[in-house]
Amino acid sequence: MFGLTTLAANKLPLGNMLFIIISFLVLMVILKKVAYGPLTKVLDERAEKISDDIDGAENARQEAEKLAAQRQSELADTRQQATKVVADAKASAQKQSDALVTAASERATTINQQAQADAQKLKEDAITHAKDDVAALSVAIASKLMQKELSLNDQQALIDAYISDLETK
């Protein structure tokens, strides 16, 4: 009612009013088809693109987290392998060191035994040469004293007796 009194006050004819309302409604339909339709389509597409971008960013973030976790795992594995390699190298070096020490000790023992055997042989050779020299001197002295030449068996018996006397003294 308020609208009819306002119309009457402004003296707008009802026909003009209907024409303006119909024109307004036609204009709204045309705007909806021409402007609002494409505009809402563009806004919907933009909203969908933003949603896709957000989903893509979320997927990229999850993939980045997964890759970071994988890299952390690989880094831990690499550290563990490096520790194992170092431990293996230390063990190998220790084994080689032990083997070298053992080989050197065995060689030193062998050289010591060989030196003792050589010293014993030299001692025996020296004793043998000394016995021969003493025997020769004894025979020479005995020959001069007796002025006779002893037979080989007599010489040997005399030498053995003289040597056994030397050994007991």
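Among the residues of region 77-91, are any surrounded by 10 or more Cβ atoms within 10 Å (Cβ to Cβ) and more than 23 Å from the chain's Cα centre (by Cα)? Looking through region 77-91, none of the residues is surrounded by 10 or more Cβ atoms within 10 Å (Cβ to Cβ) and more than 23 Å from the chain's Cα centre (by Cα).
Of note, Leu31 does not satisfy the criterion of being at pLDDT below 95 and not in a helix (DSSP H, G or I). Entry remark, region 31-42: residues being surrounded by 11 or more Cβ atoms within 10 Å (Cβ to Cβ) and of a type in the set (A, V, I, L, M) number 2 in total.
The values are calculated or read from the model by the stated rules, or taken from the named source; none is laboratory data. Remember, it's a predicted structure, so these values are computed and weren't measured experimentally. Cβ coordinates were reconstructed from backbone atoms using ideal geometry, including for glycine residues, and neighbour counts include every protein chain displayed.
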